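Structure first, then comments.
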């Protein structure tokens with residue numbers, strides 16, 4: 001009887017809780033869940049200005065069109081080559097590790113077989129004499145090992161003049177091989193980047209994320225360490241660093257647009273003090289992404305600094321007192337106490353900063369007056385591509401597909417960071 005009353009009370013409380021949540025769920029369903037689901041369906045249709053009233057189902061055509069490039073090689077082949085290089089690199093590291101872990105013969109053979117297989121894939125670029133030489137040397141060395149009654153130990157291999165010479169040459173040829181293949185792949189990616197707007201948008205966005213996110217986190221950590229010290233006017237400094245974050249992105253971009261002005265801008269004026277010639281920040285495509293990154297870093301560094309400051313203040317002083325007793329200096333305290341105990345905060349800041357960086361749009365739109373950069377689409381980001389495809393070109397299906405590609409990229413990178421964070425992040429209760 002008591003159990004039935006408890007179940008009834010639990011059901012009644014749950015019903016009341018969901019009734020309180022119902023208005024929020026309705027709003028979220030109308031303005032979040034429904035658009036997300038509808039855009040997913042829309043990404044499989046040709047829905048543009050011509051087919052506005054009668055969308056045509058085309059399956060994966062929109063996604064294929066996003067990665068359609070003018071190149072002598074297909075995207076599938078390029079993807080296969082890239083994956084082969086990644087697998088080759090990983091297994092090469094494993095092979096060398098196992099080689100040093102006294103498991104010579106099996107892993108050395110696997111290493112050479114892997115190079116033979118990769119030789120087939122990378123033959124589309126150029127014949128590599130270094131790889132061929134490496135395979136010949138490897139086969140000769142294996143033949144030499146098969147005739148010797150040797151235990152697969154590193155000490156034996158190290159003591160052999162032929163074995164030591166072979167290992168040195170292997171490392172040298174690996175470096176030459178990777179330099180050769182990497183150069184060809186970079187050249188190929190440059191060609192692909194210039195033949196597809198969406199691929200160029202991905203390229204520019206990744207470049208921006210790599211440039212802005214680590215820089216913001218590094219500067220924010222340094223500022224937080226300074227603000228955590230007993231300084232005068234510390235509250236004023238905290239407020240000053242945080243103000244850009246709560247300021248409108250449009251207002252910040254307009255101010256920086258004048259700062260970047262190549263004729264009257266303050267930035268070039270300050271650079272002239274050091275004898276540096278004027279830089280065409282907003283007219284040279286080489287400076288497009290760095291210019292956008294500077295504005296974003298200036299806006300976000302205060303927010304990240306406040307988050308780091310909260311993490312620093314949550315570290316128990318006991319750890320530093322114990323380190324003082326052991327005679328640790330400030331650098332040792334940072335690397336062995338502060339940095340490990342800040343890993344949860346760093347993990348949060350990294351996730352939030354990366355997701356926000358992939359959504360960059362307003363800075364580009366304001367700095368370049370509605371254009372994706374000065375010329376050559378040098379400031380074309382993924383969100384700008386979605387905006388231009390949807391609102392300007394009226395190709396809603398293609399824009400929806402691009403939005404879901406962006407979602408997939410952010411999701412994969414976030415899952416990877418969570419996976420790495422499970423091993424690296426240290427939570428202290």
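Any read-out appearing in this document is the output of simple, stated calculations on the displayed coordinates, not a laboratory observation. Keep in mind that this is a model prediction, so the values were computed, not measured. Every residue, glycine as well, gets a Cβ built from its backbone with ideal geometry; the counts of neighbours run over all protein chains shown.
Over what distance in Å are the Cα centres of region 219-265 and region 294-329 separated?
18
Could you check how many percent of all C-alpha pairs in region 343-429 are farther apart than 20 Å? Working shown, then result.
On the way: 1817 of 3741 pairs.
Of all Cα-Cα distances in region 343-429, 49 percent exceed 20 Å.
Arranged by the count of other C-beta atoms within 10 angstrom, fewest first, what order do 227, 19 take?
19, 227
Using the count of nearby Cβ atoms within 10 Å as a rough guide to exposure, how do 362, 346 rank from fewest to most?
Working: 362 18, 346 21.
Going from least to most buried by this count: 362, 346.
For region 271-365, what is the relative contact order in percent, using Cα pairs closer than 8 Å and at least 6 residues apart in sequence?
On the way: 29 pairs, mean separation 27.7, N = 95.
Once divided by the residue count of region 271-365, the mean separation gives 29 percent.
How high is the relative contact order of region 197-424, in percent, with contacts defined as C-alpha pairs under 8 Å that are six or more residues apart? Walk me through the numbers before you get to the answer.
Numbers: 233 pairs, mean separation 65.3, N = 228.
Worked out over region 197-424, it gives 29 percent.
Once the principal axes of the Cα atoms of region 256-341 are found, what is the range along each, listed largest first in whole angstroms?
Result for region 256-341: principal-axis Cα extents of 57, 27, 20 Å.
May I ask you to sort 338, 414, 288 by Cβ crowding, counting other Cβ atoms within 10 Å and putting the fewest first?
Values: 338 18, 414 14, 288 27.
With the sparsest Cβ surroundings first, the list reads 414, 338, 288.
Ratio of alpha-carbon Rg to the 2.2 N^0.38 Å globular estimate for region 197-424, to two decimals, please.
Working: Rg = 20.3 Å, N = 228, 2.2 N^0.38 = 17.3 Å.
The value comes to 1.17.
Just subtract the alpha-carbon distance of residue 415 and residue 393 from 0.36 nm times their residue separation and send over the number in nm, one decimal. All intermediate terms of the calculation are to be shown ahead of the outcome.
On the way: separation 22, 0.36 × 22 = 7.92 nm, distance 3.32 nm.
Roughly 4.6 nm would be gained on extension.
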